[in-house]
Amino acid sequence: MTTLDAELFLPEPAPREVKYTVISVDDHVVEPPHTFEGRLPAKLADAAPRIVETDEGHQVWEFDGQRFTQVGMNAVAGRRPETVKYEPFRFEQMRPGCYDVDARVRDMDINGVWASLNFPSQITGFCGRVFFNARDRELGAACIRAWNDWLYEEWHLAHPERIIPLGITYLADPELAVAEIRRNAERGFRSVTFPERPHVIGLPSLWDRDHWGPIIAACAETGTVISLHVGSSGLMDHPPGAPTLQVGATLFGQQSLRACVEWLWSGWAIEHPDLRIAMSEGGIGWVAMLLDRLDYIIDRSGYGLGWDERPADVLKRNFWFCTLDDPSTIDTRHRIGVENVMVEVDYPHGDGTWPDTQLVIEKHWGHIPAAELRAMCCENAAALYRHPLPDPVLPRDQGPTGQP
């Protein structure tokens, strides 16, 4: 271990005992410097995103006349607590598992995680925003295809049982968006990430049927899960002088609630009953309250829109929710629907539970019956993303003597 490693990183953790089969439906990649190399047409290669060195000794992404200053935004897994207030500004300030898939799988093994769904990082804007807002439309579309090719070829194909492929698409143009969704679905992508509130980042409102109709239909027809990661359309407005980080991090659940309500009332799940929407990193503490409110406005206040289906039923049919732990609200799982709850690790971010996800589950969920634990820890995700599970799936049911 180098002096820098000793200063930044905790000692290497030992593999944790695996008591639960876990699929994490919210982790992140940090794109390595070579992500786009050789993956764009030759005429566009010189304009591809690239890592450059700054005068301050930082590594930053440069693209389309912009610099993205946090190459490892919040990629702090394994760091000493006193160092996490400093963003990783260079790749050597991150664990290799952030940007190298073989190292990632080793970190998953340490943590007892069977499979992982990974979201992009800052160079894409979490949802492809940087690329579909590029001044050169052809370049932006090529970057989206290149990112998807990198994720598929370098991450998924290297460990197909461990990495669930999630893509981005060119959401500013329905025709291009649909083409990329279908291209990815044909080779096994299970999900696409959208901004949770598209109008906030300059895209048409969800109620613009001409724009979103073909895109939503393509997702429904291909079984592509729409993943809505909290913060993908920016943080909520804050009062002047408020501590942005603290307020924003506290209100993650509120952001997810608002986005979920907008997606529900957009009516796309009514038009496409097979549509699958996953709310990522927003927790579950607000979901039971939302279901109660939806029932109330139908049964008591008369504010409902008069759908033939109850909105709460649509929510439970078409939406899934994930949690880091939510110790105070996991006992609302039957109201939410045990089949609608999934686990996230959020590797390598500061909120993440790596390397102790197994211990976190045991501490906060240990009282839950084994069949429900299997559902929430892995079986729901495996069904939603059509991903294989190992044999056996843990925890096993306990017999009369308390033995499997």
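The values are calculated or read from the model by the stated rules, or taken from the named source; none is laboratory data. Just so we're clear, the structure is a prediction, and the values are computed from it rather than from any experiment. Cβ coordinates were reconstructed from backbone atoms using ideal geometry, including for glycine residues, and neighbour counts include every protein chain displayed. Note: accessible area is taken over every heavy atom of the protein model, side chains too, but ligands, DNA and RNA are not part of it. Shrake-Rupley method; radii C 1.70, N 1.55, O 1.52, S 1.80 Å.
Provide the solvent-accessible area of Ser233, counting protein heavy atoms only and rolling a 1.4 Å probe, rounded to the nearest 10 Å².
Accessible area, nearest 10 Å²: 10 Å².
Apply the Karplus curve 6.51 cos²θ - 1.76 cosθ + 1.60, θ = phi - 60°, to the phi angles in the range 222-236 and return the couplings in whole Hz, x for Gly and Pro.
9, x, 7, 6, 7, 9, 10, 7, 4, x, 6, 10, x, 8, 5
Using a ≥ b ≥ c from the Cα gyration tensor of the range 1-158 (square roots of the eigenvalues), is it rounded, prolate or oblate, where a/c under 1.5 gives rounded and otherwise the larger of a/b and b/c decides, a/b for prolate?
Judged from the Cα gyration tensor, the range 1-158 comes out oblate (a/c at least 1.5, b/c at or above a/b).
Residue-wise, which Karplus ³J(HN,Hα) couplings in Hz belong to the range 286-291, taking 6.51 cos²θ - 1.76 cosθ + 1.60, θ = phi - 60°, and x for glycine or proline?
9, 6, 4, 4, 4, 4
Using every Cα-Cα pair within the range 227-325, state what percent have a distance larger than 18 Å.
50
Can you list the trypsin sites (Lys or Arg not before Pro) in the range 97-181 that are in a DSSP coil and have 13 or fewer other beta carbons within 10 angstrom?
When the trypsin sites (Lys or Arg not before Pro) of the range 97-181 are filtered for loop state and at most 13 Cβ neighbours within 10 Å, Arg135 remain.
Rounded to the nearest 500 deg cm²/dmol, what is the calculated helix-only ellipticity per residue at 222 nm for the chain, with -39500 (n - 2.57) per DSSP H run of length n ≥ 4?
-9000 deg cm²/dmol
Residues with beta-carbon under 9 Å from that of Tyr20, excluding Tyr20: net charge, scoring Lys, Arg +1 and Asp, Glu -1?
Residues close to Tyr20 contribute a combined charge of +1.
What is the range 1-100's relative contact order, in percent, from Cα pairs under 8 angstrom and six or more apart in sequence?
27
Put Asp55, Asp274, Asp326, Asp351 in order of accessible area, largest first, 1.4 Å probe: what do you get?
Asp55, Asp274, Asp351, Asp326
If we sort 20-32, 56-68, 196-208 on the protection proxy, mean other Cβ atoms within 10 Å, highest first, what's the order?
Final packing ranking: 20-32, 196-208, 56-68.
Calculate one ³J(HN,Hα) per residue across the range 350-360 by plugging θ = phi - 60° into the Karplus curve 6.51 cos²θ - 1.76 cosθ + 1.60, and present them in order as whole Hz with x for glycine and proline.
x, 6, x, 9, 5, x, 10, 4, 4, 5, 5
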